[in-house]
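**Q** Structure in structure tokens, see below.
The values are calculated or read from the model by the stated rules, or taken from the named source; none is laboratory data. This structure is a prediction, so every number in the text was calculated from the model and none was measured. Methodologically, a virtual Cβ is constructed for each residue, glycine included, from the backbone with ideal geometry; neighbour enumeration extends over all protein chains shown.
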Amino acid sequence: MLSVGESARQLGVTPARVRALIKDGRLSAVKNGREWVLREEDVLARLMEAPRAGRPRRTDIEDRVTRQQEEGGAPSAERANRAHELYDECRCMFAHLPSEELMAAARSKEEASFYMAAFDFFLQQRQRELVKQGVF
């Protein structure tokens, strides 16, 4: 957990800018008494998104998805197999918090958000298992 000041230093902005991002809903935070507290993951995700002015570029992946949709996509069995492989790979890769190197290598805000969402999903699954086992 980070304070507003620590978050501002990591993001390279002022504490007032961090508070404005919290107010606008572009950065998650929780009020702890009179102070805001931010998750390191949220600050890291914001840092990796490297917001820029202007319209975002269309990515190669978006082009490929559009092309597949126009062509009718891959055959169902092939898509299912690829989906199974993708799930297995994500399960292994996101068993732990994504590294700073992985987040820095993300090509877009969307990609960095995907990494965090995948990690959160598998973390929730582990928590459910622990609750079932009576650990929590």
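**Q** Tell me which residues, restricted to segment 12-30, are of a type outside the set (Lys, Arg) and either surrounded by fewer than 19 Cβ atoms within 10 Å (Cβ to Cβ) or farther than 14 Å from Leu47 by Cβ (or both). Before the answer, list the steps.
**A** Just the residues of segment 12-30 that are of a type outside the set (Lys, Arg), to begin with: 12-16, 18, 20-22, 24-25, 27-30.
Listed by number, the residues that qualify are Gly12, Val13, Thr14, Pro15, Ala16, Ala20, Ile22, Asp24, Gly25, Ser28, Ala29, Val30.
**Q** Still on this structure, please answer the following. Filter segment 31-52 down to the residues that are over 20 Å from the mean Cα position of the chain (by Cα) and surrounded by fewer than 13 Cβ atoms within 10 Å (Cβ to Cβ), then identify the one that is nearest to Met116 (Cα to Cα). Explain how you work it out, then say what you get.
**A** To start, the set of residues in segment 31-52 that are over 20 Å from the mean Cα position of the chain (by Cα) comprises 31-36.
Checking the rest, the ones that are also surrounded by fewer than 13 Cβ atoms within 10 Å (Cβ to Cβ) come to 31-35.
Details: Lys31: 22, Asn32: 24, Gly33: 27, Arg34: 28, Glu35: 25 Å.
The selected residue is Lys31.
**Q** Working only within segment 105-136, note down all residues that are at pLDDT below 90 and not in a helix (DSSP H, G or I).
**A** Ala106, Arg107, Ser108, Gly134, Val135, Phe136
**Q** In segment 91-104, what residues are farther than 18 Å from Gln10 by Cβ, free of Cβ contacts under 8 Å to residues at least 24 places away in the same chain and assigned to a helix (DSSP H, G or I)?
**A** Matches in segment 91-104: Cys92 only.
**Q** Among the residues that make up segment 52-63, is at least one of them in a helix (DSSP H, G or I) and modelled with pLDDT of 80 or more?
**A** Narrowing segment 52-63 to residues in a helix (DSSP H, G or I): 60-63.
Within this subset, residues satisfying the condition of being modelled with pLDDT of 80 or more are none.
Looking through segment 52-63, none of the residues is in a helix (DSSP H, G or I) and modelled with pLDDT of 80 or more.
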